[in-house]
Each structure stands twice: as C-alpha cells, then as structure tokens.
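Working notes, beginning with the structure itself.
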Amino acid sequence: MKSESKVRMTRKKKRELEKTNTFKELLKIINSCFKDLMPRLNQVEDKRHQSYIEYKPQEILYVMLMAQAMTVGTMKGVTGSFNTEICIENFKKIFKNEKLKEIPHHDTINDFLKILKPKELEKIRKYMIKEIIKRKTFYQYKYNNQWQVIVDGTGLYYFKERHCKNCLTKRYTNKKTGEEEIRYYHNVLEAKIVAGEFVFSIGTEFIENEREDITKQDCELKAFKRLAVKIKKDYPRLNICILADSLYANRPVRKICDENKWGYIIRFKSESASNLWEEYESIKKIQTSQSKAFEKQEIIRPKGKAEIKRRYKWVNDIMYEEETLTIIELREKVENKEKSFIYLSSKRANKNNIEKLVMTGRKRWKIENEGFNIQKNHGYNLHHLYSKDTNAMKNHYLIIQMAHMIRQLYKKGLKKVKILKNSIKKESERLLTSLTSKVLTTTELLEIQTAKIQLRLE
Ligand SMILES: [Zn+2]
C-alpha cells in the first residue's frame, strides 16, 4: 500500500510539474545567467540599409536563438511554429515593443544573417562563456585549477556541386561508374569547455579554403593554429587544458600549448611517432624491472556487471628531440576484451594523479556525445542547411552553439525540468507550447526580470 501511494504522489507531482510554464523558466534562466544578452544582441554591427529596417537586430537574433533553443529545426519551422497571436504577444512583451506586428519572417532572418559578421556573434558567445565561468558553481569541474577544453573537428555540409569559393574539395572514385568525382565540403573545428555534464562551445574556426585556386587546402591542424590565437585573445587568463585526439599528438600543437601556458592531454598512437613510442617502451621496461612506483592496478566490480581490470603505467621526463614529455597509459580489461588508452600529458604522472589524468583524457568522447552528436542528431539539426549563403551558414552555426548552451543550463540546472527526464524533443514541444499558447502575465514578467537562479548541479 505504501509504495502504491508513493507512486500516486509521484504521478501527481509529475502532472503538476508538467504544467509549469516552461517558456517562463527558460527566460528566467537566460535573464539570470546572461543579464545583458538582449542589449548585446542589439549592439551587433548592423550593415542593413537603415531606411528599410522593420526589426531591430535583437528581435531577429533573439527569435532565432529561441527557435534553436526549442530545436525548431528548419527556417520554415521558425515562421510556422511562432505564428500565433499569443507568441507575437509574448515577444512584444519581451522586446518591450508594442509595435511588433509579426515575428520576423525566415527570409528576413536569413537576409540579416547573410550580412552580419560572424565575429559579432562570437563576441556575444564570449560574453556568455565569461558569465558562466565566473559562476563558482562550475569551479568543481576544474582539474588542477584548469578548465578542460576539448578540441575536435567535424563535417557540417557536403555538396555534389561546388557550393561556394570556400568549399573544401575531395576527389574520389565513383564505385558504380568508375569515374573520378569531386565532392565539396564545409567543416568546422570546435573548442568546448567540458564541465561535468555540460559542454559549452568557447571557440569556433571554420575549415575552409580562402579561394578556389589554392594549392594546399585548409585542414584541421591549420584551423587549430588560428583557433588557438582566437582563444588566447578572447580568454587571455583562462587556465585551460587541451584535450584532443591523436591528430594533435605533434610538436607544433604542443608548442602552441606551451607558449600559451595551456596544459594538454592528447591521445597518442604508437604508429604516429614510432621513435617516441620506442623510447617510452624501453624506459618503461627499465622502470618496471626496478620498482613498482610507476604503475598502478585496480579492479572494479560494478554490481551485476563484469569486473573491470585497469592497469596504469607512465613514464615522466622522456627526452625526445628538444622536448621533455610524459606518456601515460591505461590498459582496461573487461572479460576478455582489452582496450588501451595512451596519452601525452603536459603534467607529470604519479600514483596519486594517474587515474584522474587518464579519466580527464578520456573525456574527449564528450564532444562527440554531448556536443556534436546531440547537435546533429537530437533536434538541433546541425547538418541542416538553414541558409545556402556561406556567411549566414556560419551565423546559424554560432546561434546553435549559444542556443545549446542555454538549453543545457535550462535542462541540467533547473530541478523541475531535470526531474522529468524528458527527451529533447518532448521538452522542446513543452517549450513551444508555453511560448505559443500562454501569454506571460505582468507578474511573470517581473519574475523573469528579477530572476536569480541558483543552478542545481549534481
Ligand atoms: Zn562552399
């Protein structure tokens, strides 16, 4: 009987929670975390012909930001989903603009994004990131007093015909016809802070060719050099540790990290620098034969699951060419399957820090899961071509990064949202329903304006 009533209580509570005006909660999170967002959206450099202007920059950008935070998914969806009298009424109140007759049409939004410089949105993202990292709530996720920043590239769009002068190109042989064909791409390199469950984009560099007739194409590593300059400029005192895959296990990358006083934990593959690997193996052999000070073992027995055997080894101070390097290694065995994780680490390893170092290195997968995967496959529609225009494409990408930041704070920082464990899609529907079917009252608007939310993190 007791458990039955408990279930009923939960259901009742759930029903009550489901009734929350979620749009109001979303605005509270935005206002509480990013108080100056709205005025900043209005301060972007506006290159439009001033005599034809119907909407202020903030009205266009905020509508698009809300559409992405609600994972509307297409440009027509923005116009379609927001097309209710109540929705217009709500935006009137948010923008304090009684004259607002309609939500900006998707063509109007795209026309604006075609001429807006992406650096204007990057400035706003920088403001948002700075607001987040100054919140003490997130300090718990730093390691060695450093923020962990994952760097990774991904493909955004591909075309069969040349799309613009900046497209990357790739030749390949068509298996059916045997003919050589060219494909056209747009890729991006991202730097994201990973803080517990949160993944926040702090820097973006588009991988693209300057013009058509180049001899060597742009690539992820070239983009990293540019991205590093941007990050250092935007966050000069930010103490960070770069987490990256084995593509980055090379000297130029380490040099950039050293010069910027950034730490690094970079995946290492023995075949990528075989001399270094041999050096590591030979020192390890000597170390292991002499003492147990450079290795550690642990066995984990999770309830109802197979036991996990972990063996850590490391070598500090490997003299390699002109560098002194540390390599850390984990061999993990579950049943009969063994996986190895090997990293180059800027920090020397010891028995006390080895597990944490390896765990930090392994966080790299987060950008795939929480970052790119969610943005691509769970509503944000990152692959979708919101505009064919190269410049607008970049702005859409940046708006998605900001919207994802807001949505994560909303989902993971608000207890009443977190507790429901709704899917992204379901929660988006709730947000959209709130926005388009409930007019915000004066009391609610006041509540939004004065919101001071203590983020509830685990
Ligand atoms: Zn292109």
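The values are calculated or read from the model by the stated rules, or taken from the named source; none is laboratory data. On a predicted model such as this, the values are computed, not experimentally measured, just so you know. Note that each Cβ is placed from the backbone with ideal geometry, even for glycine, and that neighbours are counted across all protein chains shown.
Out of all the residues in the stretch 88-105, is one or more assigned to a loop (DSSP other than H, G, I, E, B), among the aliphatic types (A, V, I, L, M) and touching a residue at least 40 places away in the same chain (Cβ under 8 Å)? For the stretch 88-105, residues assigned to a loop (DSSP other than H, G, I, E, B), among the aliphatic types (A, V, I, L, M) and touching a residue at least 40 places away in the same chain (Cβ under 8 Å): present. Can Glu190 be described as part of a strand (DSSP E or B), in contact (Cβ under 8 Å) with a residue 60 or more places away in the chain and among the charged types (D, E, K, R)? Answer is yes for this residue. Of all the numbered requirements in (1) among the basic types (Lys, Arg); (2) closer than 12 Å to His106 by Cα; (3) within 24 Å of the chain's Cα centre (by Cα), Arg40 misses one, and that requirement is (2). Taking every residue in the stretch 252-274 that is at positive phi and pairing it with any residue that is outside any helix (DSSP H, G or I), at least 6 positions away or on another chain, the pairs with Cβ-Cβ distances below 8 Å are Lys261/Asn239. Scanning the stretch 380-408 for residues that are assigned to a helix (DSSP H, G or I) and either within 16 Å of the ligand (Cβ to nearest atom) or small (Gly, Ala, Ser) (or both) yields Thr390, Asn391, Ala392, Met393, Lys394, Asn395, His396, Tyr397, Ala403. Comparison of Tyr320, Tyr380 shows that the only residue that is aromatic (Phe, Trp, Tyr) and over 15 Å from the mean Cα position of the chain (by Cα) is Tyr320. Among the residues of the stretch 339-366, the one identified as farther than 18 Å from Glu295 by Cα and modelled with pLDDT of 95 or more is Ser346.
In the stretch 343-363, which residues are crowded, with 22+ Cβ neighbours inside 10 Å and outside any helix (DSSP H, G or I)? Across the stretch 343-363, the qualifying residues are Tyr343, Leu344, Ser345, Ala349.
This table checks each residue for (1) under 21 Å from Ser81 (Cα atoms); (2) of a type in the set (A, V, I, L, M, F, W, C).
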site	(1), (2)
Leu382	yes, yes
Met402	yes, yes
Lys418	no, no
Leu431	yes, yes
Leu440	yes, yes
Glu447	no, no
Leu455	no, yes
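Looking only at residues of the stretch 163-194 that are more than 16 Å from the ligand (Cβ to nearest atom) and among the basic types (Lys, Arg), we find that the one that is surrounded by the most Cβ atoms within 10 Å (Cβ to Cβ) is Lys192.
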